[in-house]
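Laboratory data are not the source of any read-out in this text; all were calculated from the coordinates shown. Here the structure is a predicted model, which means the values were calculated and not measured. Glycine also receives a Cβ, built like all others from the backbone with ideal geometry; neighbour counts cover every protein chain displayed.
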Amino acid sequence: MTIDPTRIYRLRNTIQPYDWGSTTAIPSLLGMENPAAIPEAELWMGAHPKAPSRLVEDGAREPRAVIAGGEAESSGAPSLLDFVAADPEHVLGPACSRASQARLPFLFKVLAASRALSIQAHPDSRQAREGFERENALGVPLQAPERNYRDPSHKPEIICALSPFWGMCGFRPAGEIAEELAGLGAPSLAPLAEHLRRSPDAEGLRSFLRALLERDAAGAREIVGEAVGACGRRSDPGSRAAWVVRIAREFPGDIGALAPLYLNLVRLAPGEAMFLPAGVLHAYLEGVGVELMANSDNVLRGGLTSKHVDVPELLSILVFRGGAPEVLRPKAAGEAVEVYRAPTGEFRLSRVAVRAGAVLDGRDRPSLEIFICVQGAGELQGAQPLRFAKGDSFVVPQAAAPYRILGEAELFRADVP
């Protein structure tokens, strides 16, 4: 297959079968069966070397996605990684190519969580660069389990709900945390509540979190057990207490089960989004959403995981500031387009609603675009007409001819502002 930097291609993407994934959400979106009930956690759309999307010519009999590591994963079809590398000026666009050093600067996903993901945070650009260089100097292999920094880049991200979506994001005000802990009446939580009352500032939050995360296994089991017992007596559905009980059941003895007590609990309605900057402690709990992030793999974890946890390093990158996160709603940017404003230059997320009388006019594009259709069906009218339906995704290189998208459909678009 000869690749053309001015042509629009369908994408065949990779599904990551992480154990926290849903067995139904991504198969339902893609119109694919899942007879083995494999947990399908993330659908990756992009040029990440671990699982780049593949280009599919219109009319080719290719599935919309394959499971990572499955027999059908390998393919002779060129990857989006190849597509970008062959002609970054035309595929990405000149400005994007220069700014991103000829690499696609974002990774686009559909995320489907049926249970909690790890509690985590991402470094800023300076922390990522210094951490990457430090671990290189120490000779830590890039794929070593104990490696914290796998590249020198930061990893801002945005999540937009496709279904009711639960997550945790950033610290609650210290006074609220202290009141919550004291109200549970659990003896082992009382000293922590009193500490926050005395030190309701950034240093108080830091030492509070250190005291939790550095407990040994026996100490973690004791405090989690007491908290679960207290929460079980007041666990209204959707409450912080209910989430503590549920997470402790999914991760027995893990100190991360207490996170709903000190992090902001967020419920996004479909169409609402949340931006996650560097240094903000967070975790997704349940739901389906589209996620867009810088093309980095730097994650520092603090619980609810079997992967490497480095408490001192995590504490060194966190922002210890209490307050509720902002829930983002899209702003109109044309008759069919709404944009989620996020303070980053690596990516931009848009929701596209085409319907009778409203079309997307793709004449002026600052960069490559990736689309996924989440509802309905339509047609891209350009040099090569392309029909699409729910579950289809496609890539539009910056050098492609002008196009219009029309029909009755809802799509999400990732590009670079």
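Here are the numbers for this structure:
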item: Segment 1-61 and segment 158-188: distance between their alpha carbon centers, rounded to Å; result: 34
item: Simple Cβ-charge dipole of segment 119-317, Lys/Arg +1 and Asp/Glu -1, about Cα centre, in debye nearest 20; result: 260
item: Lysine pairs within the chain, Cα separation less than 22 Å, 8 or more sequence positions apart or different chains; result: 8
item: Fewest-first ranking of Asp19, Asp4, using other Cβ atoms within 10 Å as the exposure measure; result: Asp19, Asp4
item: Over the chain: helical MRE at 222 nm, DSSP H runs n ≥ 4 each giving -39500 (n - 2.57), nearest 500; result: -7000 deg cm²/dmol
item: Overall form of the chain per C-alpha gyration tensor (a/c, 1.5; a/b vs b/c); result: prolate
item: Met168, Met1 arranged by Cβ crowding within 10 Å, fewest neighbours leading; result: Met1, Met168
item: Exposure proxy order (Cβ contacts within 10 Å, fewest to most) of Val327, Val228; result: Val327, Val228
item: GNM result for the chain, Cα springs below 10 Å: residue of Glu157, Glu133, Glu286 fluctuating most strongly; result: Glu133
